[in-house]
Amino acid sequence: MNNEKTIKGIEHSIADYRYKLQTHPLYQNLEDIKDVQIFMENHVYAVWDFMSLLKALQIELTNTNVPWLPKENAKLTRFINEIVVAEESDIDEQGEPKSHFRMYLEAMEQVEANTQQVERFVQLIKDGRTLSEGLDDISIEKKVADFVKYTFSIIETKKPHLIASAFTFGREDLIPDMFIKILDNSDWENKKYNKLRYYLNRHIELDGDDHGPLSLLMIEELCGDDDKKWAEVQEIAQKSLQYRISLWDSIHQSLAEKKLNAQLH
């Protein structure tokens, strides 16, 4: 089997989903910082559960137990450990080590988005509540909660190729050009919202130069010549993007409702 053609086959099979995301009406509705606030208040849960996907891969592809035992594929171990370093302890705009989730929360605070619900959710998880209990106890849109629950349903399979598929193909990120344009219009001196701009630029840099290409190599390594695994990876890639589109639909609806209420009042 030619793995390159298989990767291309998966990318071809999800091209329509990617197009729907890239042309989603949500982007037309992102016009000012107030819109960015609503976007971030919903999207932050996808930033959080991405870390759980990553840590699930680290558990499966490296050895996190004591006594330590070597894994067979050191290439995969190195790849995951490199991403963990970048996502869990990157360097922020002030040169301080920080997780991308914490960077995102600080960017939310700087644009005056509400972080109370997501911080309450994280505290509930810390206190030992289950994922479902945590989501039920906060104010969150149903499709946003469904997105997080789907992510964890993949994690719970404990199958590295399925988790890797959601990780690699299911995270068609927001178009940062749109955000950067809003920031340019609202903060041309880059003083008020420098944290969000730094976060966006850092992701463009990491995803394009390192993480994107390495993620595809991870899929090839995990599937090898196993046709069943390749088929499962394709199915999860499609489902993951469907949930991403549903998440975008939910945020788009929230923005539309906010603008309608503003017109009525």
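The values are calculated or read from the model by the stated rules, or taken from the named source; none is laboratory data. Predicted model, so just to flag it, every value in this text is computed and none were measured. Cβ placement follows ideal geometry from the backbone for every residue including glycine, while neighbour counts extend to all protein chains displayed. For the accessible areas, the whole protein counts, side chains as well, though only heavy atoms, and no ligand, DNA or RNA atoms are used. Shrake-Rupley method; radii C 1.70, N 1.55, O 1.52, S 1.80 Å.
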>> With angles folded into 0 to 90 degrees, how steeply does helix 194-206 sit against the dominant principal axis of the chain? Use alpha carbons for both and round to 10.
In response: 30 degrees
> Hey, what do the phi angles of the stretch 153-163 turn into as Karplus ³J(HN,Hα) couplings, whole Hz, using 6.51/-1.76/1.60 and θ = phi - 60°, x for Gly and Pro?
Replying inline: 5, 6, 4, 5, 5, 6, 9, x, 5, 6, 4
>> Just the number please: accessible area per residue for the chain, 1.4 Å probe, all protein chains included, in Å².
In response: 52 Å²
>> How big is the stretch 63-116 along each principal axis, measuring the range of its Cα positions in Å and listing the largest first?
In response: 47, 23, 16
>> For a quick check of understanding: with a 1.4 angstrom probe and all protein chains in place, what accessible area in square angstrom does Tyr198 have, to the nearest ten?
In response: 60 Å²
>> On a full-extension model of 0.36 nm per residue, what is the gain between Glu11 and Ile204, subtracting their alpha-carbon distance, rounded to one decimal in nm?
In response: 67.5 nm
> Looking at this model, which pairs from Lys34/Lys191; Lys71/Lys98; Lys75/Lys228; Lys192/Lys258 are more than 19 angstrom apart at the alpha-carbon?
Replying inline: Lys71/Lys98; Lys75/Lys228; Lys192/Lys258
> Does the stretch 52-155 classify as rounded, prolate or oblate by the C-alpha gyration tensor (a ≥ b ≥ c root eigenvalues; a/c under 1.5 gives rounded; else a/b over b/c gives prolate, otherwise oblate)?
Replying inline: oblate
> Carbon-plus-sulfur fraction of the accessible area of the chain, 1.4 Å probe, in percent?
Replying inline: 49 percent
> For the stretch 129-265, what class follows from the C-alpha gyration tensor (a ≥ b ≥ c being the square roots of its eigenvalues): rounded when a/c is under 1.5, otherwise prolate if a/b is larger than b/c, else oblate?
Replying inline: oblate
> By how many degrees, between 0 and 90 and to the nearest 10, does the Cα long axis of helix 116-126 differ from the longest principal axis of the chain?
Replying inline: 30 degrees
> In whole Å, how far is the Cα centre of the stretch 99-135 from that of the stretch 193-265?
Replying inline: 19 Å
>> Multiplying the sequence separation of Glu112 and Glu93 by 0.36 nm and subtracting their Cα-Cα distance, what value in nm do you get?
In response: 5.0 nm
> Say we join alpha carbon atoms closer than 10 Å with springs in a Gaussian network model of the chain; which of Lys159, Lys143, Lys191 then has the biggest fluctuation?
Replying inline: Lys191
> Roughly how many nanometres apart are two label points built 7 Å out from the Cα toward the Cβ at Asp146 and Gln22?
Replying inline: 2.6 nm
> Between Lys55 and Gln37, 0.36 nm times their residue separation minus their Cα-Cα distance comes to what?
Replying inline: 3.7 nm
> Relative to the longest principal axis of the chain, what angle (0 to 90°, nearest 10) does the C-alpha long axis of helix 227-264 take?
Replying inline: 0 degrees
> If the convex hull of the alpha-carbon atoms of the chain is projected onto planes in all directions, what is the mean projected area in square nanometres?
Replying inline: 15.4 nm²
